[in-house]
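Readers should treat all values here as calculations from the given coordinates under stated rules, not as data from a laboratory. Note that the coordinates shown come from a computational prediction; the quantities given were computed from them, not determined experimentally. Note: ideal-geometry Cβ built from the backbone for every residue, glycine included; neighbour counts use all protein chains shown.
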Amino acid sequence: MGMLLAYELEKGTERELKDLAAALGHQVKMVSSSNYGDPLGYVAGITGFKKSGTRDTEGKLGSEMLVFCGLDREAMDLLLAGLRERKLQIPLKAVITPHNIQWTSRMLYQELKKEHETMTAMKKSPL
């Protein structure tokens with residue numbers, strides 16, 4: 001069973017995502033802003049990670065974000081196909097990796113936002 005960390009989803013999107021995840025055998029954890037300063041490993045409930053003790057005071061992230069944890073390739077493909085079928089557009093998505101597992105939610109959001117803006121600009125730019 002995989003875990004989906006969900007951030008600042010609209011109510012309709014939250015409901016649809018939870019239905020899809022349940023149908024595929026995954027859990028959805030709605031992440032509170034009080035956890036934005038904690039390591040992703042802690043937020044995902046991975047053994048060995050502790051709450052940071054540092055409080056994130058920057059408020060909301062500013063857009064929806066989805067983080068995948070413990071999904072193999074097949075499960076990821078099924079989940080992404082389900083998101084497309086249900087027309088659930090959450091532009092900022094990531095997988096917890098050994099590289100980012102120590103990052104805070106805010107750090108991951110900032111990196112994803114920067115990457116998303118770069119990719120969007122590249123799509124608009126003629127070759």
Worksheet, complete the sentence: Largest fluctuation, GLU64, GLU117, GLU14 only, Gaussian network model of the chain with Cα springs under 10 angstrom, belongs to GLU117
Worksheet item: How large is the charge dipole for segment 54-127, taken about the Cα centre, if only the Cβ atoms of Lys, Arg (+1) and Asp, Glu (-1) carry charge, to the nearest 20 debye?
Response: 280
Worksheet entry | Length added when fully stretched, ARG15-ILE101, from 0.36 nm per residue minus Cα-Cα | 28.3 nm
Item to complete: Over all alpha-carbon pairs in segment 55-105, figure out the percentage whose distance exceeds 15 Å.
Response: 57
Worksheet item: In nm, to one decimal, how far is the LEU78 label point from the MET122 one, both placed 7 Å along Cα→Cβ?
Response: 3.1
Item to complete: Compare HIS99, HIS116, HIS26 in a GNM of the chain, Cα atoms joined below 10 Å, and give the one with the largest fluctuation.
Response: HIS99
Worksheet entry | Residue pairs, from the table LYS51/LYS114; LYS50/LYS124; LYS11/LYS51; LYS50/LYS93, whose Cα atoms sit over 30 Å apart | LYS50/LYS124
Worksheet item: Across the chain, where is the longest run that never hits trypsin sites (Lys or Arg not before Pro) in a DSSP loop with at most 12 other C-beta atoms within 10 Å?
Response: 1-49
Worksheet item: Once phi is turned into ³J(HN,Hα) by the Karplus curve 6.51 cos²θ - 1.76 cosθ + 1.60 with θ = phi - 60°, what whole-Hz value does each residue of segment 68-73 show in order, with x for glycine and proline?
Response: 9, 9, x, 9, 7, 4
Worksheet item: Once the principal axes of the Cα atoms of segment 3-124 are found, what is the range along each, listed largest first in whole angstroms?
Response: 40, 37, 28
